[in-house]
Amino acid sequence: MTKLLKSWISSANSPDTDFPLNNLPYGVFSVGNNDAHCGVAIGDMILDVTAAEETGVLTPADVPVLDVPFWNDFMDLGRDTWATFRSKLVNALRDGSSEQPKLEPFLVAQADVTMEMPFAVSEYTDFYAGMQHAKNMGDILRGSPDLPANWLHIPIGYNGRASTVVVSGTDIRRPLGQTKAPDSDAPVFGPSQRLDIELEMGAIVGTGSKMGQPITMDQAEGMIFGYVLLNDWSARDIQGWEYQPLGPFQGKAFGTSISPWIVTAAALEDFRTSTPPREKELLPYLIETKPGLFDISLEITLQPEEAATATTITKTNYNRTYYSAAQQLCHHAISGCEMNSGDLLGSGTISGPTRDEFGSLMELSWAGQKPFTLDTGETRSFIEDGDTLTLKGHAQGNGYRIGFGSCSGTILPAIDYET
Ligand code: MN
C-alpha cells in the first residue's frame, strides 16, 4: 500500500491530519467579505487555486475553469484533466519541489476561512442501499425484517431536492408538516416530533450522460468525480404519513447536509473494496467490473446545546453498503435518464449488523422504544432543538489518513406558524 507522500507544508505530514498530500480534496472557501475561491486542502492550510490559476502559476486547462466558486466547470472536463491536475498538485506540493516559492503566496490558513458549497448540485437522488438499515426499518415499521421483493435486484432510490442541499455548518430548521399517529383518525399539523438523521456517503457525478443513452458499469465508474459525507435529515413522522404509495417527499425535502471537501475517487483508489456477497444474482448490467466500495470508517456524534462535549453514538463503515455508487449511477441512467455534472447520489443510510453501528436515531432508539443515554446523562430518542449532529469519516492508510473533515448541522426550533 502507498505510504505517506511528504509535503513541504509540515502540517500535511502528521499521521492525524485529514489532509495529507495523498488526499488533496477540493473545496470552496471565502475569507471575510471577499469573493469565494476554489481551494485544495493540504494539512491545516488551503491552496487558493483560483488565484493560482489567475496568475498562471497552476492551470488545470487551456481556459479558466476555477474562476467560478464551484468545481463543476473543472469536473466537466473529465478524467484525463482530473488526473493531470492532480499530478501537477502532487508535484508542486511534495517535499523538495522547486514550485514551493511560487505557491507559498497562495496558501491560506483553514482557521481563517468560511467553507462554502464545493459544487453546484444539479440534482439530488437518494438511495436505500444499506441492507441492515432496510431490515431494521422493515422490522420497526412493518413488524418484519424481510426485505422488499425488489431490494436484492434494484438499487432503490427516489428523486430528492437539490435546492436544500447545504454545506456543513449550516443550521437546519425543524420542519413543519402533516403527521398522523397510528391510533388517531385524522392528521394534525405542526413541527416534526421525530426528527432524525441518516449517515450516508454522497457520490458526485463529474461527467454526465445523454438522454436516451444507457451507460455501462465501466462508464459509471469513470463518471464519478468524488465523495462527501452526507446527512439526509429525515422527519420520520411526516415521512410515515406521506410515503405511501409514491415514497418520501416533505419528510426529506427540508435539508441535506454535506461535508465541504470533495475527496476524489483518485485519492480513495487504494481503499477500494468489493460490495458484500450477492444474496441474489444481479442482472448483468449491474455486475461490478471492479471493487466499487471503499473502506471508510464513519461515525456520528451528538452534542446538545450548552453541552461541553459531543457523544459518539455510532461507528460503522461505508463497506457495509450493498450497492456501490457506480451501481446506483448505472441503474439511474439505464432507462435513458440524463445524468449531469454536479448530480449528487446519496448512498442510503449506512448501518452495520449490531446496534453500535446503526446509522440513524430511528434505529438506535428503535423508534423511541429504547431511548439511549448521552455522555452528559441526558437521553435521546430523536433530535431536540439545539442539538448538533456531526458526521466524520476517513480511510486509514499506512501512516496517513484520507479524511473527509466533518459534516455538521444544528437544529433550530420550528417557525411559529399561525394558521
Ligand atoms: Mn437517505
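Pairs, please: C-beta under 8 Å, at least 6 apart or cross-chain, first residue in a loop (DSSP other than H, G, I, E, B) and in the range 328-355, second more than 16 Å from the ligand (Cβ to nearest atom) and among the acidic types (Asp, Glu)?
Short answer, once both residue conditions are applied: SER341/ASP76; SER351/GLU357.
Mind telling me which of the residues THR81, THR114, THR125 ends up being touching a His at 6+ places or on another chain (Cβ under 9 Å) and at pLDDT 95 or above?
THR125
Test each condition in (1) assigned to a loop (DSSP other than H, G, I, E, B); (2) open to solvent by 30 Å² or more (accessible area, probe 1.4 Å); (3) within 16 Å of the ligand (Cβ to nearest atom) for GLY247 and report the one that comes out false.
Condition (2) is where GLY247 drops out.
Would you tally the residues in the range 53-110 being open to solvent by less than 20 Å² (accessible area, probe 1.4 Å) and aliphatic (A, V, I, L, M)?
Within the range 53-110, residues that are open to solvent by less than 20 Å² (accessible area, probe 1.4 Å) and aliphatic (A, V, I, L, M) number 8.
Just to verify a result, which residue in the range 331-360, among those that are open to solvent by 10 Å² or more (accessible area, probe 1.4 Å) and among the hydrophobic types (A, V, I, L, M, F, W, C), is farthest from the ligand (Cβ to nearest atom)?
Looking at the filtered set, the residue picked out is ILE334.
Quick check on this structure: which one of ILE402, ILE383 is more than 30 Å from ALA267 (Cα to Cα) and open to solvent by less than 10 Å² (accessible area, probe 1.4 Å)?
Answer to the selection: ILE383.
Hey, can you tell me all the residues within the range 152-185 that are outside any loop (DSSP other than H, G, I, E, B), within 30 Å of GLY292 (Cα to Cα) and of a type in the set (Ser, Thr, Tyr)?
Across the range 152-185, the qualifying residue is only TYR158.
Would you check which residues across the range 305-327 are part of a strand (DSSP E or B) and open to solvent by less than 50 Å² (accessible area, probe 1.4 Å) and list them?
Hits for the range 305-327 are THR311, ILE313, THR314, THR316, ASN317.
Given the structure, is ALA149 away from the ligand (no atom under 16 Å from the Cβ), open to solvent by 20 Å² or more (accessible area, probe 1.4 Å) and in a loop (DSSP other than H, G, I, E, B)?
Judged against the criteria, ALA149 is a match.
So is ILE46 β-branched (Val, Ile, Thr), more than 16 Å from the ligand (Cβ to nearest atom), in contact with a Gly (Cβ under 7 Å, 6 or more places away or on another chain) and more than 26 Å from ALA220 (Cα to Cα) or not?
yes
Per-residue answers, yes or no, for (1) polar (S, T, N, Q); (2) under 26 Å from VAL167 (Cβ atoms); (3) assigned to a loop (DSSP other than H, G, I, E, B):
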{"residue": "GLY39", "(1), (2), (3)": "no, yes, no"}
{"residue": "ALA51", "(1), (2), (3)": "no, yes, no"}
{"residue": "LEU58", "(1), (2), (3)": "no, yes, yes"}
{"residue": "ASN91", "(1), (2), (3)": "yes, no, no"}
{"residue": "PRO105", "(1), (2), (3)": "no, no, no"}
{"residue": "MET115", "(1), (2), (3)": "no, yes, no"}
{"residue": "VAL121", "(1), (2), (3)": "no, yes, yes"}
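Just a yes or no: is a residue in the range 126-143 open to solvent by 20 Å² or more (accessible area, probe 1.4 Å), of a type in the set (D, E, K, R) and away from the ligand (no atom under 16 Å from the Cβ)?
yes
Can you spot a residue in the range 227-236 that is without any contact (Cβ under 8 Å) to a residue 40 or more places away in the chain and either over 16 Å from the mean Cα position of the chain (by Cα) or under 23 Å from LYS315 (Cα atoms) (or both)?
Checked against the condition, which is being without any contact (Cβ under 8 Å) to a residue 40 or more places away in the chain and either over 16 Å from the mean Cα position of the chain (by Cα) or under 23 Å from LYS315 (Cα atoms) (or both), the range 227-236 yields no hits at all.
Applying the selection to the range 7-22, what residues are touching a Leu at 6+ places or on another chain (Cβ under 9 Å) and surrounded by fewer than 16 Cβ atoms within 10 Å (Cβ to Cβ)?
Hit for the range 7-22 is PRO15, nothing else.
Has the range 89-110 got any residue that is within 16 Å of the ligand (Cβ to nearest atom) and either in contact with a Gly (Cβ under 9 Å, 6 or more places away or on another chain) or acidic (Asp, Glu) (or both)?
No, every residue in the range 89-110 fails to be within 16 Å of the ligand (Cβ to nearest atom) and either in contact with a Gly (Cβ under 9 Å, 6 or more places away or on another chain) or acidic (Asp, Glu) (or both).
Of the residues in the range 219-242, how many are of a type outside the set (A, V, I, L, M, F, W, C), outside any strand (DSSP E or B) and either within 12 Å of the ligand (Cβ to nearest atom) or not assigned by TED's automatic domain parsing to the domain that holds HIS394 (or both)?
2
Go through the range 333-354 and give me each residue that's closer than 20 Å to ALA134 by Cβ and within 18 Å of the chain's Cα centre (by Cα).
Result: LEU345, GLY346, SER347, GLY348, THR349, ILE350, SER351, GLY352.
Can you confirm whether the range 214-236 contains a residue that is under 20 Å from PHE358 (Cα atoms), crowded, with 24+ Cβ neighbours inside 10 Å and of a type in the set (Val, Ile, Thr)?
yes
Filter the range 23-35 down to the residues that are of a type outside the set (A, V, I, L, M, F, W, C) and either surrounded by 20 or more Cβ atoms within 10 Å (Cβ to Cβ) or not assigned by TED's automatic domain parsing to the domain that holds ASP95 (or both) and list them by number.
ASN23, PRO25, TYR26, GLY27
Taking the range 270-304 as the search range and keeping residues that are assigned to a strand (DSSP E or B) and among the charged types (D, E, K, R), which one is farthest from the chain's Cα centre (by Cα)?
By that ranking, first place goes to ARG272.
The values are calculated or read from the model by the stated rules, or taken from the named source; none is laboratory data. What you see is a predicted model; the values in this text were computed from it and never measured. In this analysis, Cβ positions are derived from the backbone assuming ideal geometry, glycine residues included, and neighbour counts consider all displayed protein chains. All accessible areas refer to the heavy atoms of the entire protein, side chains included, with ligands and DNA or RNA removed. Shrake-Rupley method; radii C 1.70, N 1.55, O 1.52, S 1.80 Å.
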